[in-house]
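Scroll down for the structure; my scribbles are underneath it.
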Amino acid sequence: MSETAAAAGVRAIDHIGVTVPNLEEAAEFFERAFGAEVIFKMDSHRDTSDPEVLAQERAKLGTRPSARWTRTLVLRLGEGASIELFEYEDGERHAPPTPSDLGIQHFGIYVDDIDAACERIVAAGGTVLEGPTLLPGLEAGEGNKWIYTLAPWGGTIEVVSYPSPQAYEEHTDVRRWRPPSA
């Protein structure tokens, strides 16, 4: 860990929040595709018909006036960050971002076997885009691959595997997350 991160008290990414159209279907997708485990589910306890409650929610979350949070479900996903699924009622919902949109447009999940992961994603109702492709440039190494997939609701999920050292490692002592050795 860098001195700057340590001084700031930063340890790791704790969770990734994903808004989904249906909480149960999304949880089932992550369970079937990636072996995710439910940690807890939380229903809204607020009176979302009260304009003051909605104003407080917008002030805290930055949501549109039409959005009303209904439920959340948190999933454990391997050794990395957890996935926090959100369900909202929102008459002005936009399509999920694509890789060319501004903001967070995908997250990556490390797997040991990228081909088996693709099979599970399709069986769980997702879509696998073209690939897998060898990681290029400074991420290159024997067997290091990536592929973009789409969740059933359209969100982009990268699946990545880098079992070999990556080329960038020759140029710096800083390392990205690395799975424990088998």
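Values computed for the structure shown
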| item | result |
| --- | --- |
| Search result, residues across the stretch 154-165 that are under 22 Å from Gly78 (Cα atoms) and either touching a residue at least 60 places away in the same chain (Cβ under 8 Å) or of a type outside the set (Ser, Thr, Tyr) (or both) | Gly155, Thr156, Ile157, Glu158, Val159, Val160, Pro163, Pro165 |
| Leu102 being surrounded by 17 or more Cβ atoms within 10 Å (Cβ to Cβ) and either farther than 16 Å from Val18 by Cβ or of a type outside the set (A, V, I, L, M) (or both) | no |
| Residues located in the stretch 49-92, provided they are under 30 Å from Val111 (Cβ atoms), out of contact with any strand residue (DSSP E or B) (no Cβ under 6 Å at 6 or more places or on another chain) and not acidic (Asp, Glu) | Gly78, Gly80 |
| Matching residues, the stretch 105-148, being surrounded by 15 or more Cβ atoms within 10 Å (Cβ to Cβ), within 18 Å of Ala36 (Cα to Cα) and among the aliphatic types (A, V, I, L, M) | Ile109, Val111, Ile114, Ala117, Ile121, Ala124 |
| Count of residues meeting criterion [free of Cβ contacts under 8 Å to residues at least 24 places away in the same chain and not hydrophobic (A, V, I, L, M, F, W, C)] in the stretch 94-126 | 6 |
| Thr172 vs. criteria loosely packed, with under 11 Cβ neighbours inside 10 Å and among the polar types (S, T, N, Q) | yes |
| Hey, Thr72 of a type in the set (Val, Ile, Thr), modelled with pLDDT under 85 and surrounded by 14 or more Cβ atoms within 10 Å (Cβ to Cβ) or not | no |
| Matching residues, the stretch 119-143, being assigned to a loop (DSSP other than H, G, I, E, B) and over 24 Å from His15 (Cβ atoms) | Leu129, Glu130, Gly131, Pro132, Leu135, Pro136, Ala140, Gly141, Glu142, Gly143 |
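The values are calculated or read from the model by the stated rules, or taken from the named source; none is laboratory data. Every value quoted in this text rests on a predicted model; they were computed, and no experiment measured them. As a convention, Cβ positions derive from the backbone with ideal geometry for all residues, glycine included, and neighbour counts pool all protein chains shown.
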